[in-house]
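Written below as structure tokens is the structure these notes are about.
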Amino acid sequence: MTTTISDALQSRMHTHLQGAYPNEGGGLLIGAVDGETITITDIAEAENTFPDEEQFHRMGVPPTFWARVEDDADERGLQIVGFYHSHPDHPAQPSTYDLAHAFPNLAYIIVSVQGGQVDHVNNWRLREDRSQFDADDLQVESE
């Protein structure tokens, strides 16, 4: 599958995640699915609700946030198509914690933030059997 995002949305995501550093930041990806393509049309920045002493390597999102974003997306004819989060001073690859808490069929954009600056970005998708993540294409399109 391929996930597309505009350069403006990706920039907004990066600014959010750099601002969360040295803690993890994240949010929801909103858009549409058409066959093998996920198109991200908006992001919803989340507050990290994990206990303060764990936020440097964990991201928590309250269920009420997820429900509110989902309702808003529905009203706009869209849906939640994934999740994005940062890995401060670590690679942009899923952790065992990510594997245990992910859902199949969603895009998982992980952004490595090194020293407060975006270093690299990878997109992942959890297999149906939840055994592992596979790398997915991420296309950034100019507006």
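Taking Arg58, is it of a type in the set (Lys, Arg), farther than 21 Å from Ser142 by Cα and in a loop (DSSP other than H, G, I, E, B)?
yes
What number of residues in the stretch 69-116 are touching a strand residue (DSSP E or B) at 6+ places or on another chain (Cβ under 6 Å) and part of a strand (DSSP E or B)?
16
So for the stretch 39-58 (the condition being surrounded by fewer than 18 Cβ atoms within 10 Å (Cβ to Cβ), of a type in the set (Phe, Trp, Tyr) and either closer than 21 Å to Arg125 by Cα or more than 13 Å from the chain's Cα centre (by Cα) (or both)), does at least one residue qualify?
There is at least one residue in the stretch 39-58 that is surrounded by fewer than 18 Cβ atoms within 10 Å (Cβ to Cβ), of a type in the set (Phe, Trp, Tyr) and either closer than 21 Å to Arg125 by Cα or more than 13 Å from the chain's Cα centre (by Cα) (or both).
Within the group Asp119, Asp129, which residue is in a loop (DSSP other than H, G, I, E, B), over 19 Å from Leu29 (Cβ atoms) and of a type outside the set (A, V, I, L, M)?
Going through Asp119, Asp129 in turn, the sole match is Asp129.
Is it the case that Pro94 is touching a Pro at 6+ places or on another chain (Cβ under 7 Å) and at pLDDT 95 or above?
No; evaluated as a whole, the condition is false for this residue.
Would you tally the residues in the stretch 52-78 being in contact (Cβ under 8 Å) with a residue 12 or more places away in the chain and among the β-branched types (Val, Ile, Thr)?
Number satisfying all stated conditions: 2.
The values are calculated or read from the model by the stated rules, or taken from the named source; none is laboratory data. From a predicted model like this one, the values you see are computed outputs, not experimental measurements. Neighbour counts run over all protein chains shown; Cβ positions are idealised from the backbone, glycine included.
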